[in-house]
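Data first, discussion second: the structure below is written as structure tokens.
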Amino acid sequence: MVSLAKLIDYGSDEDVSEDSHWYDAQTNEAELYAEVSQPSTRDNDAVNCCNDVVISHSLMLYNHQTPSETACSYLDDMVNQQQNTHHSIANSGYVSLGATNILPVISDLDDLNSTSTNTSRQIVIFGSGDFGRSIAECLLNANYRVVVASRSPAMCLNRLFLLNAGAEILSHKEALLRSSMVVLAVQRHHYSSLPLSRLKNKIIIDVSNRSETVRRNRMSNAEYLQRLLPESIVIKAFNTLSAYTLTDTGGGCREQYVHVCGDSPAAKDQVMILAKNIGLTPKDAGNLKESRRLEELPHRLFTSWRCPCKFTIIIFLFIWIFFFFKFQLCRNISDGRSWDWSAFQRILLLNTRTTSAVTATILLSLCYLPGVISAYIQLMRGTKYKLFPKCLDAWLKSRKQLGLLALFFGILHGILVLCDSHISAKSEEGWREPTIMALG
């Protein structure tokens, strides 16, 4: 759209005779009258009409002619009619024509759109600690304008790093005027120091986790913050990521998932777009009550080890029981004589040694088997860009844990072989052969 921002003034020239140009002036006014009288059929006819008026009157100015009051008044009425009829003029302004001047006040929509875009690309961060610094760095790398709010900007933690990275450090009052989205990177016991009255009608992204190991109350930090700010929208996100993860990956690791939960779908969409822009993979976790589960995740230790460890324990117990029947029970039952309790004296070394060897072999084979299966699946599909089944995907992700567990049972088998050889050896040379076999 053409932006008209200049005031065009014109009038009669004292050096030009009105009588000599009277005929031309009337002709131009008639042409203007006919131009604006035609009905418009396009969405932008109102703007074109205004541009025609300006061009035609500019020609009059070039010819030193002054339109009459009647023609200008009619032009004003026609522009008003076009303004009410066509929506395209609604956001553009109003053109006023007078006896001696034209005053266009059409604003540029591109400028308005760019201003709105710049505002949406601004993020306010409360908290200048390690996490606040890391998320500020990720936002700056994604071309966001970051404003860090601090009670004392001159004494802000990580001040030099934030300023060098391109962030602004302002007071709470000044920072909250910059954006409607606020990242709250402070702990729950610092909520009382926040300017709660200035956080109204904002989208608050809570990234905190509970500090105590055992939960004393059922309300999460996000729910408590929503109770403090009933007129704001609280979204729980980014709490499952550490500051080191954000800094180490630079926000560019798509395998890092961001769980987002909140009661406002529109606000969640904005936060998920924000997470995607900084290079993370957002996942909708539900409403704000799900923040209780999200705050529990960082306190769960070795979550990726649970399934492999359970599977390993089941395999180990099954094989141990099998060898117990084979070495202790079946031998006495098959003989048909009185029980030989001497077989039970080596139950710890013999059964555990053999079981650990078989378990290590099974776990090691399970490390390589899913790779072979996935290769055949890709060959059958003819592409490598389709997702694997969930069970196979979980199996592939647990190969590292299975390999380490196989190494553990292999070492355990070697230690038990050495112990058994020393106990059962009758001479100095009796333990050498089992030791060599155990060490491979």
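With K and R counted +1 and D and E -1, the other residues having a Cβ less than 15 Å from that of Arg178 yield a net charge of +3.
Once the C-beta distance of Asp263 and Phe322 is scaled by a Förster radius of 45 Å, the resulting FRET efficiency is 0.25 to the nearest 0.05. Length gained on full extension, Ala375 to Phe388, computed as 0.36 nm times the residue gap minus the Cα-Cα distance: 3.6 nm. Here the scattering of the range 375-424 is modelled by Debye summation over its C-alpha atoms, one equal scatterer each and no solvent; at q = 0.16, 0.28, 0.33 Å⁻¹ the log10 of I(q)/I(0) is -0.63, -0.98, -1.10. For Lys200 and Met219, the difference between the fully extended length at 0.36 nm per residue and the C-alpha to C-alpha distance is 4.7 nm. Amide H to amide H distances under 5 Å link Ala285 with Val260, Cys261, where only residues 5 or more positions off or on other chains count and H is placed in the peptide plane. Applying the Karplus relation 6.51 cos²θ - 1.76 cosθ + 1.60 with θ = phi - 60° to the range 279-288 yields 3J(HN,Hα) values of x, 10, 10, x, 9, 6, 9, x, 7, 5 Hz, where x marks Gly and Pro.
Annotation: amide H-H contacts under 5 Å for Ser232 (H modelled 1.01 Å from N, sequence separation of 5 or more, or interchain): Asn201.
Report the net charge of residues surrounding Gln378, where surrounding means a beta-carbon distance below 12 angstrom and charges are Lys +1, Arg +1, Asp -1, Glu -1.
On the way: positive: Arg381, Lys384, Lys386; negative: none.
Net local charge, Gln378 excluded: +3.
In loop segments of the range 339-431 as defined by DSSP, the chymotrypsin sites (Phe, Trp or Tyr not before Pro) with at most 13 further C-beta atoms inside 10 Å of their C-beta are Trp339, Tyr385.
Each Lys or Arg adds one and each Asp or Glu subtracts one; over the other residues with Cβ under 12 Å from the Cβ of Ile319, this totals +2. The phi torsions of the range 290-301, fed into the Karplus equation with coefficients 6.51, -1.76 and 1.60 and a -60° offset, translate into couplings of 5, 5, 5, 5, 5, 6, 7, 4, x, 8, 8, 8 Hz, rounded to whole numbers, with Gly and Pro shown as x.
If the chain between Asp130 and Ala343 were fully stretched, how many nm would it gain, using 0.36 nm times the residue separation less the Cα-Cα distance?
This chain segment gains 70.6 nm when fully extended.
With equal scatterers on the alpha carbons only and no solvent term, can you work out the Debye log10 of I(q)/I(0) for the range 315-355 at 0.21, 0.24, 0.31, 0.35 1/Å? Each listed q maps to, in turn, -0.61, -0.76, -1.04, -1.17.
Modelled spin labels at Ser304 and Leu177, positioned 7 Å past Cα toward Cβ, are 4.7 nm from each other.
Within the set Lys276/Lys310; Lys202/Lys289; Lys200/Lys283; Lys173/Lys202; Lys236/Lys276; Lys283/Lys400, which residue pairs have Cα atoms separated by over 23 Å? Mind dumping the intermediate values first?
Working: Lys276/Lys310 35 Å; Lys202/Lys289 20 Å; Lys200/Lys283 26 Å; Lys173/Lys202 14 Å; Lys236/Lys276 16 Å; Lys283/Lys400 25 Å.
In this structure, Lys276/Lys310; Lys200/Lys283; Lys283/Lys400 lie more than 23 Å apart at Cα.
Shown are Ile321, Ile235, Ile314, whose ranking by accessible area with a 1.4 Å probe and every protein chain present, most to least, is Ile314, Ile321, Ile235. In a DSSP loop and with at most 11 other Cβ atoms within 10 Å, the trypsin sites (Lys or Arg not before Pro) in the range 302-368 are Arg337.
The values are calculated or read from the model by the stated rules, or taken from the named source; none is laboratory data. As the structure is a prediction and not an experimental result, all values here were calculated from the model. Here Cβ is always computed from backbone atoms with ideal geometry, including for glycine, and neighbour counts include all displayed protein chains. Surface areas here come from the heavy atoms of the whole protein model, side chains and all, with no ligands, DNA or RNA. Shrake-Rupley method; radii C 1.70, N 1.55, O 1.52, S 1.80 Å.
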